[in-house]
Amino acid sequence: MLGVDDFARRRGHRYATVLLDMHTRRPIDVLPDRTADTLAAWLRDHPGVQIICRDRGGSYAEGARKGAPDAIQVADRWHLLKNLSDTVEKVIRGHRRCLRTHTEPTSALVAPADEPVRTGRRAANTRQRHAAVHALRAEGLSISATARRLDMNVRTARKYAHATTAEALIGPNASSRPSVLAPFHSYLRQRLTDGVHQTAVLHAEIVARGYQGSLRVLRDWLAINRTRPTPSTVVRVPSARRFTAWIMRPGHKLTDDDRADLADARRRCPDLDTVAGLARGFAALVRHQGTGQHLDAWINRARHAGYPEIRGFAAGLASDRDAVVAGLTQPWSSGPVEGQVNRIKTIKRQMYGRANLDLLRRRVLITP
């Protein structure tokens, strides 16, 4: 039994082919390229090969047919999944747009029904001092006596005494005098509820109704009493590669969060749901040996799917059907060949990537 795979001869140079005896798992030759004619010529010079385990490369399939027409070709299962994964990722890239949802913005600038209740140490101290001042004044103490008792400036004590509530002293530019904007609070709240929130427009309207204060007073009041709308934000969508990994990975290897995110994405995008169902169906065929009899049914489903990438993948399976069925049925895989390719990479690094093919071939075949 023969295993076939390619590797880069040198960085930036063309590829070569390693041939492996799948029984002993030892390399038996290194070919100078990966063309069909080179492989066919080698097979003719070495008759008797009965099984050829290969990747999905068309040149190897053609070379095997030419050089050993009676040999059984086995498509590697890992490469089947890799080809499917690349196809699914291409489809998802074109359908991520439907997964981008926007959060709904809050209703435009709605004023609260009541004055906001301020919190913090300063607000608490103001309420405490206001209560103390009014308690002493209720006992009959004068403002001067109240200031001395509370160790407070007389002017400050007078301000607290004249303020009917502590809330009037809390906030920007708090004063014991009522705000010049106070008579217009109800009107402004109604206009905010109606959706009018431009400062200049509201200022012109209350000036026409007798407001004599400054624009700054109105701006400060609006900054407290209106709610800014939350801008629409785009929900960050996981990458196409991550979606592909969730689809291709067996369900028991997904975390709860990944499983929930994938289910949500499939619910929001019918196309992604269809692709995920097709991909998982084929992955189940590959992961369970002896499922080759179900390949034709899957190919028929994929050909009727509305995705050119999936149809192209199915067409490739149909053209290489015998090798794919053998890959789904036979226990062989290209794993040992991939291991030898990794070993060749190590040898190339030891040679600093400067060896000619003849010297590299000798080291690959001789080095245990």
Name every residue in the stretch 215-257 that is exposed (fewer than 15 other Cβ atoms within 10 Å of the Cβ), at pLDDT 85 or above and not basic (Lys, Arg), in order of residue number.
-> LEU215, SER239, PRO250, GLY251, HIS252, THR255, ASP256, ASP257
Test for ILE347: is it more than 21 Å from GLY57 (Cα to Cα) and open to solvent by 60 Å² or more (accessible area, probe 1.4 Å) | no
Quick one: which of ALA318, ALA326 is under 21 Å from LYS90 (Cα atoms), open to solvent by less than 40 Å² (accessible area, probe 1.4 Å) and in a helix (DSSP H, G or I)?
-> ALA318
Would you mind telling me which numbered condition in (1) farther than 30 Å from ARG268 by Cα; (2) modelled with pLDDT under 85; (3) touching a helix residue (DSSP H, G or I) at 6+ places or on another chain (Cβ under 8 Å); (4) surrounded by fewer than 13 Cβ atoms within 10 Å (Cβ to Cβ) VAL110 fails?
-> (4)
Which condition breaks for GLU167 when tested against (1) modelled with pLDDT under 85; (2) acidic (Asp, Glu); (3) surrounded by fewer than 17 Cβ atoms within 10 Å (Cβ to Cβ)?
-> (3)
So SER175 clears everything in (1) at pLDDT below 85; (2) touching a helix residue (DSSP H, G or I) at 6+ places or on another chain (Cβ under 7 Å); (3) among the hydroxyl-bearing types (Ser, Thr, Tyr) except one condition, right? Which one?
-> (2)
So how many residues does the stretch 42-70 have that are more than 45 Å from the chain's Cα centre (by Cα) and either under 19 Å from THR329 (Cβ atoms) or open to solvent by less than 40 Å² (accessible area, probe 1.4 Å) (or both)?
-> 7
Scan (1) aromatic (Phe, Trp, Tyr); (2) open to solvent by 50 Å² or more (accessible area, probe 1.4 Å); (3) not in a helix (DSSP H, G or I) for the single condition TYR187 breaks and write down its number.
-> (3)
Answer yes or no: is there a residue in the stretch 305-313 that is under 20 Å from GLY57 (Cα atoms), open to solvent by 80 Å² or more (accessible area, probe 1.4 Å) and of a type outside the set (Val, Ile, Thr).
-> yes
Any residue in the stretch 330-345 that is outside any helix (DSSP H, G or I), touching a strand residue (DSSP E or B) at 6+ places or on another chain (Cβ under 6 Å), touching a residue at least 60 places away in the same chain (Cβ under 8 Å) and hydroxyl-bearing (Ser, Thr, Tyr)?
-> yes
Residues being in a helix (DSSP H, G or I) and farther than 15 Å from GLY94 by Cα - total across the stretch 292-314 | 16
Is the stretch 71-91 home to any residue that is at pLDDT 80 or above and more than 42 Å from the chain's Cα centre (by Cα)?
-> yes
Out of all the residues in the stretch 323-343, is one or more out of contact with any helix residue (DSSP H, G or I) (no Cβ under 9 Å at 6 or more places or on another chain) and either modelled with pLDDT under 85 or of a type in the set (Val, Ile, Thr) (or both)?
-> yes
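The values are calculated or read from the model by the stated rules, or taken from the named source; none is laboratory data. None of these values were measured; they are calculated from a predicted model. Quick reminder, even Gly has a Cβ in these numbers, built from the backbone with ideal geometry, and neighbours come from all protein chains shown. Calculation scope for accessible area: heavy atoms of the full protein, side chains included, ligands and nucleic acids excluded. Shrake-Rupley method; radii C 1.70, N 1.55, O 1.52, S 1.80 Å.
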